[in-house]
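The values are calculated or read from the model by the stated rules, or taken from the named source; none is laboratory data. Keep in mind it's a predicted model, so treat the numbers as computed, not measured. Cβ coordinates were reconstructed from backbone atoms using ideal geometry, including for glycine residues, and neighbour counts include every protein chain displayed.
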Amino acid sequence: MQKTQTALKNSYRRYIRRKWLVLFVLVAILCTCVVVSISVGSSGLTISEIVTALLGKGTAQTSAIIWNIRMPRIVTGIMVGIALALAGCIMQNVLRNPLASASTLGVSQGASFGAAFAIVCLDAGAQVNASTSAAAAVSITNPYLVTLCAFIGGFLTTVIILGLSRIARVSPATMVLAGVALSSLFSGGTTIVQYFADDVKVASVVYWTFGDLGRANWQEIASIFAVTVIALLYFLANRWNFNAMESGADTAKSLGVAVDRLILISMTLCSLMAAVSTAFVGCISFIGLISPHMVRKFVGNDYRFLIPASALMGAIVLVLSELVSRMIVAPSILPIGALTSFLGAPMFLYMIFKRGGIKWSK
Amino acid sequence: MVEVKDITFSYGKHSILKGISFSAEPGDCVGILGNNGVGKSTLITCMNSIRKPDDGSVLINGKSIFEMSRLELARNVAYVAQKNELSQTTVYDAILLGRKPYMTWSMNCADYALCDEMMERIGMTDFKLRNINELSGGEVQKVMLARAFVQQPKLLLLDEPTSNLDPRNQYEMMKLVRQMALEQGISVLVVIHDLNLALRYCNRFLFIKDGSVYDYGDGSVVTEKALRDVYGINASLVIHDNKKFAIIK
């Protein structure tokens, strides 16, 4: 018996080590993407120049390019990618819905409406420099107000979705349809807000909704970082609770999980992450939806690994998308939101049709 | 010892349970019998706080479960649902989840050792890293039962654990439940529809009719009259090899 148990322990250890290996591989891919992304641009930089500048020993020009232009975009990409992927991963768990994400449930659109309302009606944004690229022309003058309004919009959607899932007991498929309806509602609201705004503000909102990673400054990146780290720590602390939730709410309760509290706090944090991301970089779709599904193939539904793996995959996809957005029609930069949709939609369709890759819970 | 006192539950104005009372000793296996819709599953879920009863109490060794914290409750009461939602996870991880109520930050060596022992006990060592979605219905039920046992509960609630299983798996499942209950001193409450399975592996019987206790006690309460009154069926009870069997006419 002792022999069998030792063999059991060893094989399980190997199995766990394989999952850790997946995480290390994802970290390595992300690091590679970051270095490549830094090196690509109108001012071509060599690897040695990049490393020297990152170590603080580069020339003034190289350091300026890396720290003032490229790094903010890349770090924003990493943080927003992590935030959106985490939100998708956790929403899919607590709502028992594989299609749940900030964008499919209308949370991003709700946040967009809130932010547009703040920019137009509360004068929280302004067009500062129309001579540069369209997206760069928009500046948020009061980021806290925009974030607050975006959070209210996003959280309002969350409350409606939670209400539908708990009170009306709607099915997972109906929940996504409700998300489509809410998205439409908030898009209509944003249109109304724009209709009554002056030309400059309309332009600001339109450019802002394109999604642009270059918009956030270091202070705003710090805000996204703070929210994401708090959420990540909470999610990691509850990784076993999320594993229990996979067996259904009743079983989770019988395993000691405070199901209602877990759902409420998780959804609030997901809304906050989606809202902060949307407020600072605009609407970015599909990252939250596809990233968890992309890594499930390698780490399964074990949230000890799925949470960090989804976060890393979200960062990788967004950093890569950012890189492609700068390369396709250089020196112009394509809107990142459109690009993630172009990349995400076919990838998602592929996953749906390949061996029925996504399973609905009942 | 488990004591259930005057449990009352209703869905809105529709009364489901009307003052259910009974008690069970450690090692007892109580078969809950009655027609569909009389409130058997509702009673089970009231006994682990998944549903809050309107009135009444459930005491485990004198302490009310409604005064226990979530974790304390999970350490005292384990539950296997009628329908299990299966995640894309391994058999070993599914069983390991049963140690969650005892976990601080992560599982410790004792948790792993207990799971190893349980895997061997249910004869699923070769399936340890198999995805639970790839198992048969009987194997899944074994895994769910193993998860409940590693919770080391004082009360185990089983909601129709043998439904959808072939006869061999039904008997194996109930045999395992009975053995574990006796070995570990667990009181088991099992909602069961197969009378002969209940007669073979349960030592106490709780008949529920119209939300109330029709009768409760040892094998002597299982009579032809009780089966007629509770199920509305005519059945003969025969003794074979010192065991009671029900034959439905």
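If a residue must be in a helix (DSSP H, G or I), among the hydroxyl-bearing types (Ser, Thr, Tyr) and more than 7 Å from chain A (Cβ to nearest Cβ), how many such residues does the range B:76-132 contain?
Within the range B:76-132, residues that are in a helix (DSSP H, G or I), among the hydroxyl-bearing types (Ser, Thr, Tyr) and more than 7 Å from chain A (Cβ to nearest Cβ) number 1.
Picking from B:ASN164, B:ASN196, B:ASN169, which residue would you name as being surrounded by fewer than 20 Cβ atoms within 10 Å (Cβ to Cβ), part of a loop (DSSP other than H, G, I, E, B) and more than 15 Å from the chain's Cα centre (by Cα)? Give the derivation first.
Numbers: B:ASN196 fails: part of a loop (DSSP other than H, G, I, E, B); B:ASN169 fails: part of a loop (DSSP other than H, G, I, E, B).
The match here is B:ASN164.
Per-residue answers, yes or no, for (1) in a strand (DSSP E or B); (2) in contact with a Phe, Trp or Tyr (Cβ under 7 Å, 6 or more places away or on another chain):
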| position | (1), (2) |
| --- | --- |
| B:GLY19 | yes, no |
| B:PHE22 | yes, yes |
| B:ILE32 | yes, no |
| B:ASN35 | no, yes |
| B:LEU43 | no, no |
| B:LYS52 | no, no |
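List pairs: first residue in the range A:342-362 and more than 14 Å from chain B (Cβ to nearest Cβ) and within 17 Å of A:SER321 (Cβ to Cβ), second residue modelled with pLDDT of 75 or more and part of a loop (DSSP other than H, G, I, E, B) anywhere in the structure, Cβ distance under 7 angstrom, at least six positions apart or on different chains.
Hits for this filter: A:GLY344/A:SER285; A:GLY344/A:PHE286; A:ALA345/A:PHE286; A:PHE348/A:PHE286.
Which ones in the range B:213-239 are part of a strand (DSSP E or B), surrounded by 14 or more Cβ atoms within 10 Å (Cβ to Cβ) and within 21 Å of the chain's Cα centre (by Cα)?
Those that are part of a strand (DSSP E or B), surrounded by 14 or more Cβ atoms within 10 Å (Cβ to Cβ) and within 21 Å of the chain's Cα centre (by Cα): B:VAL213, B:TYR214, B:ASP215, B:TYR216.
The conditions are (1) surrounded by 18 or more Cβ atoms within 10 Å (Cβ to Cβ); (2) assigned to a helix (DSSP H, G or I), and A:SER247 fails exactly one of them. Which is it?
Unmet condition: (2).
What number of residues in the range A:237-270 are β-branched (Val, Ile, Thr) and within 7 Å of another protein chain (Cβ to nearest Cβ)?
1
Looking at B:GLY39, B:GLY56, B:GLY34 in this structure, which one is among the small types (Gly, Ala, Ser), out of contact with any Gly (no Cβ under 8 Å at 6 or more places or on another chain), over 16 Å from A:GLY248 (Cβ atoms) and more than 10 Å from chain A (Cβ to nearest Cβ)?
It is B:GLY34.
Just to check your reading of the model, which residue among A:ALA150, A:ALA222, A:ALA178, A:ALA226 is touching a Leu at 6+ places or on another chain (Cβ under 7 Å) and in a helix (DSSP H, G or I)?
Working: A:ALA150 fails: touching a Leu at 6+ places or on another chain (Cβ under 7 Å); A:ALA222 fails: touching a Leu at 6+ places or on another chain (Cβ under 7 Å); A:ALA226 fails: touching a Leu at 6+ places or on another chain (Cβ under 7 Å).
Of A:ALA150, A:ALA222, A:ALA178, A:ALA226, the one residue that is touching a Leu at 6+ places or on another chain (Cβ under 7 Å) and in a helix (DSSP H, G or I) is A:ALA178.
B:VAL191 - would you say it is over 24 Å from B:SER49 (Cα atoms), among the β-branched types (Val, Ile, Thr) and either free of Cβ contacts under 8 Å to residues at least 40 places away in the same chain or out of contact with any Cys (no Cβ under 8 Å at 6 or more places or on another chain) (or both)?
Against the criterion (over 24 Å from B:SER49 (Cα atoms), among the β-branched types (Val, Ile, Thr) and either free of Cβ contacts under 8 Å to residues at least 40 places away in the same chain or out of contact with any Cys (no Cβ under 8 Å at 6 or more places or on another chain) (or both)), B:VAL191 does not qualify.
Please determine, by comparing only the residues of the range B:133-159 that are assigned to a helix (DSSP H, G or I) and charged (D, E, K, R), which one is surrounded by the fewest Cβ atoms within 10 Å (Cβ to Cβ).
B:GLU134
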